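Derivation of every value follows stated rules applied to the coordinates shown; laboratory data play no part. Nothing here was measured: the structure is a model prediction, and the numbers come from that model. Using ideal geometry, Cβ is built from the backbone for each residue, glycine included, and neighbour counts are taken over all protein chains shown.
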Amino acid sequence: MKNIVFSALCTIFTVGLFAQAPTNWIHLSQDQGYNGVSTENAYKLAKGKESSTVIVAVIDSGVDVEHEDLKDNVWVNHGEIPGNGIDDDKNGYIDDVNGWNFIGGPKGNVNHDTYEATRLYKKYMYKFENATESQLSKNQMDDFKVYKKVKEEVESSRASAQERLGRIGETETMIMNAVDALETALDGKDINKENIEALDQASDPGLMIGVNMVMEALNQGEQIGTVENLRTELIDQFNGAKERFNNQLEYAYNTDFNPRGVIGDDYNNQRERYYGNNDVEGPDALHGTHVAGIIGAVRNNDLGMDGVAADVKIMSIRTVPDGDERDKDVANAIIYAVDNGASIINMSFGKGYKWDKQVVDEAIQHAVKNDVLLVHAAGNSAQNNDTTDNFPNDTYMKKKLFKSKVAKTWMEVGALSYNKGEDLSAPFSNYGQDNVDIFAPGMAVYSTLPNNEYSPLQGTSMAAPVVAGVAAILRSYYPSLTATQVKTILMESSVKLNDQVNVPGTDEQASFSTLSVSGGVVNAYHAMKQAATVKGKKKVKKNKKTMPKA
């Protein structure tokens, strides 16, 4: 049933009402039936060890810092006096108590924004709209090729969104009529195979559609229950699909839309640092709150769910709108995180085009220099990142003699399914034997949502914070480990799986081990075992330690 409007769902890939994975599957181990990260076993190894608090920056859409299962693990900038309108700690940001918002300003917050392809199309439109290749110099050709590519993408995507909106309306009418026919025929009975197979559908085409629809779902193991459950789930999916394509037309692929005015920055100055506001939640913190919960929801407090890391503080840096993040904001978010004490940065976002990669590269280099681990989601386009652009990434645009061309503390994360065998890799996940480092649980991941709610979501956006959480465990119990050492341990200790799996986005199969550099899945238990054997290279100041809260 989830496939009816699957193509209309957004990048997060919401999980249907009838998902079968247990809510804690990401914490389980293979001997418990799932390829989770063995969180509980890792904490058994840590029993009796002291831990130090690790700050993890969540560069995302915003975080509900008042959430019942997060508030005790939210970073607090003790150098600021809340609400006094003064930059007490002199870091350039006024009242940045829990982080900062680089897509807000004195006039409010950015919610919707365009895609990078749309911005590039508008940037080059007046320069190349009437140009031909014969008129251009060699120096102009690269920009012209980008213009032609984004022009085709934007115009075709707008046309496709308009067409799909019409088709969704027609499909919705047909499907909801089928649900009505099912309701009449079942006469109050639940939806199960026995009751559905007993229906006489021969004379009612609408009922036949409804029967086929629910039988497909039931055969896939979904538990639907009542007709009302079915109707609610379908309405939510259709509304989400319509909103998705409406937003594409009105915002994402609209060259006339520019929300940047509310921020008040000089967008032409890509190295401008001090702008934004201190609203770290923003108008839609669903994505960022979910990511934050995966990393650091309070463990063992009998609320909602447990995060991966116990001794952790979440720093919210709002940077990602409903649309593509902007390179200027990403660069500033990384710099802010580093300069304010984060030792791990989670980045569950990405795009296919760059605006100013150099300014992002400089921020990444700043993070590497300061021993910060950068964890990035590989993307949800079922593409090979070895052959298709995905930004930001670990490869520097400008290479200097005798300097590394890649960021050594960067980890690119693909998404693992709770299924096994050929369905082991999430069907939407990007992959790459050279450019995706590791896989982590990324389907039906149960975590926090704004307003003290919880729900499963899926995407590489959910896989990255699993890795960030495991990294936080290592940096908490073994603070002398450098970021590069932590990355090496996570890669080497990953559970190697050689299953023949469906390669996302193709009709082919390959060994799961070929989909990433490590060929494996992150595992907290094995990482802790290996960390205990590694001599840390980082000098650690003697600070007051906290006992593990696992």
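Excluding residues on the same chain fewer than 8 positions from LYS44, give the lysines whose Cα lies under 18 Å from its Cα. The qualifying lysines are LYS529, LYS549.
Contact order normalised by length for region 42-153, with contacts defined as Cα pairs under 8 Å and 6 or more residues apart; what percent is it? Numbers along the way, then the final one.
Details: 60 pairs, mean separation 16.9, N = 112.
Over region 42-153, the number comes to 15 percent.
Which links in LYS149/LYS354; LYS148/LYS399; LYS123/LYS351; LYS148/LYS398 stretch past 19 Å when you go from one Cα to the other? Cα-Cα > 19 Å for LYS148/LYS399; LYS148/LYS398; rest within.
Each peptide among 363-375, 334-346, 169-181, 188-200 gets the average number of other Cβ atoms lying within 10 Å of its residues, and from highest to lowest they stand as 334-346, 363-375, 169-181, 188-200.
Dividing the summed -39500 (n - 2.57) terms of all DSSP H runs of n ≥ 4 by the residue count of the chain sets its mean residue ellipticity at 222 nm at -11000 deg cm²/dmol. The lysines within cross-link reach of LYS539, meaning a Cα-to-Cα straight distance under 16 Å and a gap of 8 or more places when in the same chain, are LYS369.
Residues THR255, THR23, arranged from fewest to most other Cβ atoms within 10 angstrom of their Cβ, appear as THR255, THR23. Over all other residues within a Cβ to Cβ distance under 10 Å of TRP100, the charged ones net out to -2, with Lys and Arg as +1 and Asp and Glu as -1. Of TRP410, TRP100, the sequence from fewest to most neighbouring Cβ atoms within 10 angstrom is TRP410, TRP100. Size descriptors for region 118-252, from the alpha-carbon set: Rg then Dmax equal 23.7, 73 Å. Annotation: lysines with alpha-carbon distance below 17 angstrom to LYS420 (same-chain offsets under eight excluded): LYS496. Normalised by the number of residues in the chain, the average gap of Cα pairs under 8 Å and 6 or more apart makes the relative contact order 23 percent. A simple spin-label model places pseudo-atoms 7 Å from Cα toward Cβ; at ASN177 and GLU152 they are separated by 3.9 nm.
Under the rule a/c < 1.5 gives rounded, and otherwise a/b versus b/c splits prolate from oblate, where does the chain land using the Cα gyration tensor? Display every interim value, and only then the final one.
Details: a/c = 1.58, a/b = 1.18, b/c = 1.34.
Note, shape of the chain comes out oblate.
Annotation: amide H-H contacts under 5 Å for GLY225 (H modelled 1.01 Å from N, sequence separation of 5 or more, or interchain): ILE191. Count Lys and Arg as plus one, Asp and Glu as minus one, and take only other residues whose Cβ is under 14 Å from that of GLU170; the net charge is then +1.
DSSP beta bridges confined to the chain are antiparallel in about 40 percent of cases.
Arranged from fewest to most other beta-carbon atoms within 10 Å of their beta carbon, ARG326, ARG273, ARG475, ARG158 become ARG273, ARG158, ARG326, ARG475. Using θ = phi - 60° in the Karplus curve 6.51 cos²θ - 1.76 cosθ + 1.60, the 3J(HN,Hα) couplings for region 211-222 round to 5, 4, 5, 6, 5, 4, 5, 5, 5, 8, x, 7 Hz; x is entered for Gly and Pro. Packing around the peptides 58-67, 509-518, taken as the average count of other Cβ atoms within 10 Å per residue, puts them in this order, highest first: 58-67, 509-518. Amide H contacts under 5 Å for HIS112: ASP322, restricted to partners 5 or more places along the chain or on a different chain, H placed in the peptide plane at 1.01 Å from N. Taken over the C-alpha atoms, region 213-269 has Rg and Dmax values of 19.9, 57 angstrom.
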